[in-house]
Amino acid sequence: MTDTVSFGYEDVAPAEKTARVGEVFRSVAGRYDLMNDAMSAGLHRVWKDVFVRRVKPRAGEHILDMAGGTGDIAFRMAPSGASITVADINPAMLEVGMERAAKRGIDGLVWTEANAETLQFPDRFFDAYTIAFGIRNVTDIPKALKEAHRALKRGGRFYCLEFSTTLWPGFAEVYDAYSHRVVPKLGKALAGDADSYKYLVESIRRFPDMARFEQMIGEAGFVRTKVEPMLGGLVAIHSGWKI
């Protein structure tokens, strides 16, 4: 862990990033769908559907959905019959998720406050670990990846859905302009919060590219790592196995 970590385009002390990210998500918790719609022009719903199909949750499995506070991934996995633990460092996000689950009549999910870097779960407990649009907000990403590996059973699978950097010529410039110029303005107009949306855009730009992040997953101990880019890598599904 270095002396400083990225918070958007700023370099700050690790403890400061953790606190400031917490404030961002407390601010946007009640407008989570709005935030994701702004960041992805609504496509996050399709990407999450694809992501869950790749995970292939099954009845009887124990799955940890990390940074899943508002329930988007867990709700999609619930019909499988898997035992799903929804974990998030931010209680405001968990509160939104529990309210949404109650409104949808979704029972049986376990909701718990947890830090991805220091999971309270025992070794080799889960069959699968999922994290969607959350890993880039973790203060110490390598530590979180190692914790994911520790908490998985042998034969367990890791799946991460995250924004990345599109490699499509032309489209990269268009999306860059949209995200930097339009998304914060949408955040201000629709949620009264331009700064949180500005951070979320900047956090994508500071996140490792697909090749580097795949390497980090391997360095955490996972094998058979794989990257599935969508829209040329604007978003990617990363996966790996624990053996």
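Listing for the model above:
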{"item": "Cα gyration tensor category, rounded, prolate or oblate, for the stretch 17-144 with a/c compared to 1.5", "result": "rounded"}
{"item": "Surface share of carbon and sulfur [accessible, 1.4 angstrom probe, percent] for the stretch 101-187", "result": "56 percent"}
{"item": "From phi via Karplus (6.51, -1.76, 1.60), per-residue ³J(HN,Hα) for the stretch 38-50 in Hz, x at Gly/Pro", "result": "5, 6, 10, 6, x, 6, 4, 5, 5, 4, 5, 4, 4"}
{"item": "Dipole of the chain [Lys/Arg +1, Asp/Glu -1 at C-beta], most positive-end residue of GLY233, HIS180, PHE126", "result": "PHE126"}
{"item": "Mean separation of Cα contacts under 8 Å, 6 or more apart, over the residue count of the chain: relative contact order %", "result": "20 percent"}
{"item": "The chain: radius of gyration over Cα atoms, expressed as a fraction of 2.2 N^0.38 Å", "result": "0.95"}
{"item": "Cα centroid separation - the stretch 185-233 against the stretch 85-137, whole Å", "result": "19 Å"}
{"item": "Helix-only [θ]222 nm of the chain, DSSP H runs n ≥ 4, -39500 (n - 2.57) each, per residue, nearest 500", "result": "-13000 deg cm²/dmol"}
{"item": "Unit Cα scatterers, Debye sum, the stretch 103-148: log10 I(q)/I(0) for q = 0.15 Å⁻¹", "result": "-0.48"}
{"item": "Unit charges on C-beta of K, R, D, E only; dipole of the chain, Debye", "result": "760 debye"}
{"item": "In the chain, lysine pairs with alpha-carbon atoms under 22 angstrom apart (chain gap of 8 or more, or interchain)", "result": "19"}
{"item": "13 Å beta-carbon shell around ALA236, net charge (K/R +1, D/E -1)", "result": "0"}
{"item": "Heavy-atom accessible area order for ILE141, ILE131, largest first, 1.4 Å probe", "result": "ILE141, ILE131"}
{"item": "Shape of the stretch 20-92, Cα gyration tensor, a/c cut at 1.5", "result": "oblate"}
{"item": "Prolate/oblate/rounded call for the stretch 147-193, Cα gyration tensor, a/c under 1.5 rounded", "result": "oblate"}
{"item": "Protection proxy ranking of 30-38, 120-128 - average other beta-carbon atoms within 10 Å, highest first", "result": "30-38, 120-128"}
{"item": "In order through the stretch 112-120: 3J(HN,Hα) via Karplus (6.51 cos²θ - 1.76 cosθ + 1.60), integer Hz, x for Gly, Pro", "result": "8, 7, 8, 9, 4, 7, 9, 5, 8"}
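The values are calculated or read from the model by the stated rules, or taken from the named source; none is laboratory data. Since the structure is predicted, the reported quantities are computational estimates derived from the model, not experimental observations. We place every Cβ from the backbone using ideal geometry, glycine too, and count neighbours over all the protein chains shown. In case anyone asks, the SASA skips ligands and DNA or RNA and just uses the protein heavy atoms, side chains included. Shrake-Rupley method; radii C 1.70, N 1.55, O 1.52, S 1.80 Å.
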